[in-house]
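The values are calculated or read from the model by the stated rules, or taken from the named source; none is laboratory data. Please read all numbers here as calculations on a predicted model, not as lab measurements. No Cβ is skipped: glycine too gets one built from the backbone with ideal geometry, and neighbour counts run over all protein chains shown. Just the protein is used for accessible areas: all its heavy atoms, side chains included, with ligands, DNA and RNA removed. Shrake-Rupley method; radii C 1.70, N 1.55, O 1.52, S 1.80 Å.
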Amino acid sequence: MNSKLTKYYFGYIFIAPFFISFAIFGLVPILYTLYLSFTNWDAFNDPVYNGVGNYTRLLHDTAFYQSIGNTLIIWIFSIVPQLLIAVTLAIILNEKFIRGKHFFRAVYYFPNIITPVTLGVLFSLIFDWQTGSINKLLTTIGLVEDPINWFNNPWWSRLIVAAVICWQNFGFNMIVFIAGLQSIPDEVYEASQVDGASGWQKTLYVTIPLLRPVFIFTLITSVIGGLQLFDSPYMIGNGPNNTTRTMIMYLYETAFKNFNFSYGAAIAYGVFVIVMCFTAVTIWLTRKREQ
């Protein structure tokens, strides 16, 4: 009996470091942020209780609603090509006759290990109005006469931010899809081949349906990550009339530039509720589709 109890407590000892570190660096800041959202605090004076004043202000904040719209637009323009490119490359690189597929997998995954800040700076230089290589190329081949000020156009600036995110993350999703493809039994493809299915039909009616759990996983993770965009859009800039300012960028500017930490805390919980709602809707839609 004593030996069983000893082993039982040893398990708690092994998992204790994680829970202790999470409580100190995760749970305590989360709860303190919730407390700050009900106060007025500028980081210099003591917090003053404000009730739900910050949340009432948030519900009528047009800048916050604009940041929600910007985030959704950038996310949609990044996730659709991202998943299409990822699943297409995964199907191609999963074929046995492709030579050097491990090399190409590494090459396509490489942008995922580059920091978003670096990618944001890189794309901002490439699309620079005066010295950017894109304008140099377009003027050299004669497609345009004058350089294009990409970041002065709201839609071009959003598309550039979406391109950064797509280029960074499609390699990770490709690896996930390859893992899903390798879990499909060969017997399924052999049975479809016996039935006379062509290569395209096997992809359309066998591979894609069996990859549904992987699609659900990538979609949910993209929703959670896509609604928290900050690094790349911040390095590229707000765009004309703040058309590329995301929710997290608005939170950062409110709290750390304007020193309104209490309202920033309310924005943080507003973002949390939005992410949870979109994630719940995504899960509900996928489950309903399966039923």
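The listed residues are ILE79, ILE98, and the only one of them that is in contact (Cβ under 8 Å) with a residue 12 or more places away in the chain and hydrophobic (A, V, I, L, M, F, W, C) turns out to be ILE79.
Inclusion of TYR234 among residues that are within 18 Å of the chain's Cα centre (by Cα) and within 18 Å of THR56 (Cβ to Cβ) is not warranted.
Conditions (1) in a loop (DSSP other than H, G, I, E, B); (2) basic (Lys, Arg); (3) modelled with pLDDT of 90 or more, marked per residue:
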| position | (1), (2), (3) |
| --- | --- |
| GLN82 | no, no, yes |
| HIS102 | no, no, no |
| TYR108 | no, no, yes |
| GLY142 | yes, no, no |
| ILE148 | yes, no, no |
| ARG158 | no, yes, yes |
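I'm trying to understand the selection: among the residues of segment 251-291, which are more than 28 Å from ASP46 (Cβ to Cβ) and either open to solvent by less than 40 Å² (accessible area, probe 1.4 Å) or at pLDDT 90 or above (or both)? Break it down into steps so the answer makes sense when it comes.
The initial filter retains those residues of segment 251-291 that are more than 28 Å from ASP46 (Cβ to Cβ), namely 274-291.
Listed by number, the residues that qualify are ILE274, VAL275, MET276, CYS277, THR279, THR282, THR286.
Considered as a group, the residues in segment 29-53 that are open to solvent by less than 60 Å² (accessible area, probe 1.4 Å) and of a type in the set (Val, Ile, Thr) include one that is nearest to LEU227 (Cα to Cα), and that residue is THR33.
Among the residues making up segment 187-219, those that are open to solvent by less than 50 Å² (accessible area, probe 1.4 Å), of a type in the set (A, V, I, L, M, F, W, C) and either touching a helix residue (DSSP H, G or I) at 6+ places or on another chain (Cβ under 6 Å) or closer than 28 Å to VAL281 by Cβ (or both) are VAL206, LEU211, VAL214, ILE216. Listed by position, the helices (runs of 4 or more DSSP H) contained in segment 192-291 that have at least 3 residues being free of Cβ contacts under 8 Å to residues at least 12 places away in the same chain, closer than 30 Å to ILE178 by Cα and out of contact with any strand residue (DSSP E or B) (no Cβ under 6 Å at 6 or more places or on another chain) are 199-202, 261-290.
Search segment 222-242 for residues being open to solvent by 50 Å² or more (accessible area, probe 1.4 Å) and of a type in the set (A, V, I, L, M), and hand back the single one that is farthest from TRP167 (Cα to Cα). Per the stated criteria, the residue is ILE224.
Can you tell me which residue within segment 54-105, out of those that are of a type in the set (Phe, Trp, Tyr) and open to solvent by 30 Å² or more (accessible area, probe 1.4 Å), is farthest from the chain's Cα centre (by Cα)?
First, the residues of segment 54-105 that are of a type in the set (Phe, Trp, Tyr): 55, 64-65, 75, 77, 97, 103-104.
Pick out the ones that are also open to solvent by 30 Å² or more (accessible area, probe 1.4 Å) and you get 55, 65, 75, 77, 97, 103-104.
Values: TYR55: 26, TYR65: 19, TRP75: 8, PHE77: 12, PHE97: 33, PHE103: 25, PHE104: 23 Å.
Selected residue: PHE97.
Which members of segment 18-62 meet the condition of being farther than 16 Å from ASN260 by Cβ and either in contact with a helix residue (DSSP H, G or I) (Cβ under 8 Å, 6 or more places away or on another chain) or among the basic types (Lys, Arg) (or both)? Of everything in segment 18-62, just one residue is farther than 16 Å from ASN260 by Cβ and either in contact with a helix residue (DSSP H, G or I) (Cβ under 8 Å, 6 or more places away or on another chain) or among the basic types (Lys, Arg) (or both), namely LEU34.
Does VAL87 fit the bill of being among the hydrophobic types (A, V, I, L, M, F, W, C) and not in a loop (DSSP other than H, G, I, E, B)? In short, yes. With respect to the conditions (1) closer than 15 Å to SER67 by Cα; (2) modelled with pLDDT of 85 or more, GLY239 falls short on a single one, namely (2).
Against the condition out of contact with any Pro (no Cβ under 8 Å at 6 or more places or on another chain), open to solvent by less than 20 Å² (accessible area, probe 1.4 Å) and either more than 28 Å from THR71 (Cβ to Cβ) or among the β-branched types (Val, Ile, Thr) (or both), how does ILE184 come out, does it pass? Break it down into steps so the answer makes sense when it comes.
Details: out of contact with any Pro (no Cβ under 8 Å at 6 or more places or on another chain): yes; open to solvent by less than 20 Å² (accessible area, probe 1.4 Å): yes; either more than 28 Å from THR71 (Cβ to Cβ) or among the β-branched types (Val, Ile, Thr) (or both): yes.
For ILE184, the condition - out of contact with any Pro (no Cβ under 8 Å at 6 or more places or on another chain), open to solvent by less than 20 Å² (accessible area, probe 1.4 Å) and either more than 28 Å from THR71 (Cβ to Cβ) or among the β-branched types (Val, Ile, Thr) (or both) - is met.
Residues in segment 128-181 that are surrounded by fewer than 19 Cβ atoms within 10 Å (Cβ to Cβ) and among the aromatic types (Phe, Trp, Tyr) were compared, and the one that is farthest from ILE85 (Cα to Cα) is TRP129.
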